[in-house]
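Below you'll find the structure, written out as structure tokens, and then a few comments.
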Amino acid sequence: MNANDATLTGLATAQTGSRVADNTPNAPANPGFDLVMEAVAGSALGSSGAPYTLTISAIDLTAVSQPWPPKTLHQSFDAASGWQLSGTGPDYQCTQTFPIAVPGGGPSGPLAGHTLQCVASLVSQGAQIASIIHSHPFVLV
């Protein structure tokens, strides 16, 4: 990886408390699920403290709408935001888990049976670094 670059490498839905990808993450009767995001950054950037904005949103593919407001997080390339040295080289890695509450009370709610997809973007100040990734489609129960 370029020493001054960063890339989102994974975005997956999982049962609450798990990191295993699940295409029905709130089944059988959970009011929410976790969204697990993975990223890598180069050796110069990973601990630089440079600020970036992480935006996470969802798309209801069934209703062609946005089921909840996007999350906008102001973070930095530092340990406080979860960046740590990779175990295999000079680069940095970051894994973050975001709890997602399903609107309408979860199972059997208004989104039951809908197919959704999550999208995340990382954009540095000045937009010198920009990365976007999407999850696999998933179904809420």
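The values are calculated or read from the model by the stated rules, or taken from the named source; none is laboratory data. Owing to the predicted nature of the structure, the values given are computational and were not obtained by experimental measurement. Cβ atoms come from the backbone with ideal geometry, glycine included; neighbour counts cover every protein chain shown.
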**OP:** Look through the range 123-141, keep the residues that are within 18 Å of V40 (Cα to Cα) and out of contact with any strand residue (DSSP E or B) (no Cβ under 9 Å at 6 or more places or on another chain), and return whichever of them is surrounded by the most Cβ atoms within 10 Å (Cβ to Cβ).
**Re:** Q128
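Condition check ((1) closer than 21 Å to A27 by Cα; (2) touching a Lys or Arg at 6+ places or on another chain (Cβ under 7 Å); (3) loosely packed, with under 13 Cβ neighbours inside 10 Å; (4) not aromatic (F, W, Y)) across all residues:
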site	(1), (2), (3), (4)
P67	yes, no, no, yes
K71	no, no, no, yes
F77	no, no, no, no
V102	yes, no, no, yes
P107	yes, no, no, yes
S121	no, no, no, yes
Original post:
So which residues in the range 36-88 are over 16 Å from M1 (Cβ atoms), free of Cβ contacts under 8 Å to residues at least 40 places away in the same chain and not in a strand (DSSP E or B)?
Top reply: G49, V64, Q66, W68, P69, P70, D78, A79, A80, S81, G82
Original post:
Within the range 48-65, can you find the residues that are farther than 27 Å from G105 by Cβ, within 18 Å of the chain's Cα centre (by Cα) and either of a type in the set (D, E) or buried (at least 19 other Cβ atoms within 10 Å of the Cβ) (or both)?
Top reply: Y52, L54
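Of S81, S121, S76, which residue is within 22 Å of P51 (Cβ to Cβ), modelled with pLDDT of 95 or more, in contact with a Ser or Thr (Cβ under 6 Å, 6 or more places away or on another chain) and among the small types (G, A, S)?
After applying the criteria, what remains is S121.
In the range 78-114, what residues are of a type in the set (A, V, I, L, M, F, W, C) and out of contact with any helix residue (DSSP H, G or I) (no Cβ under 9 Å at 6 or more places or on another chain)? Can you show your working first?
Step one: list which residues in the range 78-114 are of a type in the set (A, V, I, L, M, F, W, C), which gives 79-80, 83, 85, 94, 98, 100-102, 111-112.
A79, A80, W83, L85, F98, I100, A101, V102, L111, A112, listed by residue number.
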**OP:** Look through the range 27-47, keep the residues that are under 12 Å from A14 (Cβ atoms) and among the small types (G, A, S), and return whichever of them is farthest from the chain's Cα centre (by Cα).
**Re:** A27
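Please enumerate the residues belonging to the range 1-17 that are of a type in the set (G, A, S) and either in contact with an Asp or Glu (Cβ under 7 Å, 6 or more places away or on another chain) or loosely packed, with under 14 Cβ neighbours inside 10 Å (or both).
So the first thing to find is which residues in the range 1-17 are of a type in the set (G, A, S), and the list is 3, 6, 10, 12, 14, 17.
Within the range 1-17, A3, G10, A14, G17 qualify.
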Original post:
Mind checking which pairs have a first residue in the range 116-141 that is assigned to a loop (DSSP other than H, G, I, E, B) and a second that is among the hydroxyl-bearing types (S, T, Y), Cβ under 8 Å, 6 or more apart or different chains?
Top reply: I129/Y52; S135/T13; H136/T13; P137/T115; L140/T24; V141/T24; V141/S108
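Within the range 118-141, can you find the residues that are more than 19 Å from S18 (Cβ to Cβ) and either among the β-branched types (V, I, T) or in contact with a Phe, Trp or Tyr (Cβ under 8 Å, 6 or more places away or on another chain) (or both)?
Listed by number, the residues that qualify are V119, L122, V123, S124, Q125, I129, I132, I133.
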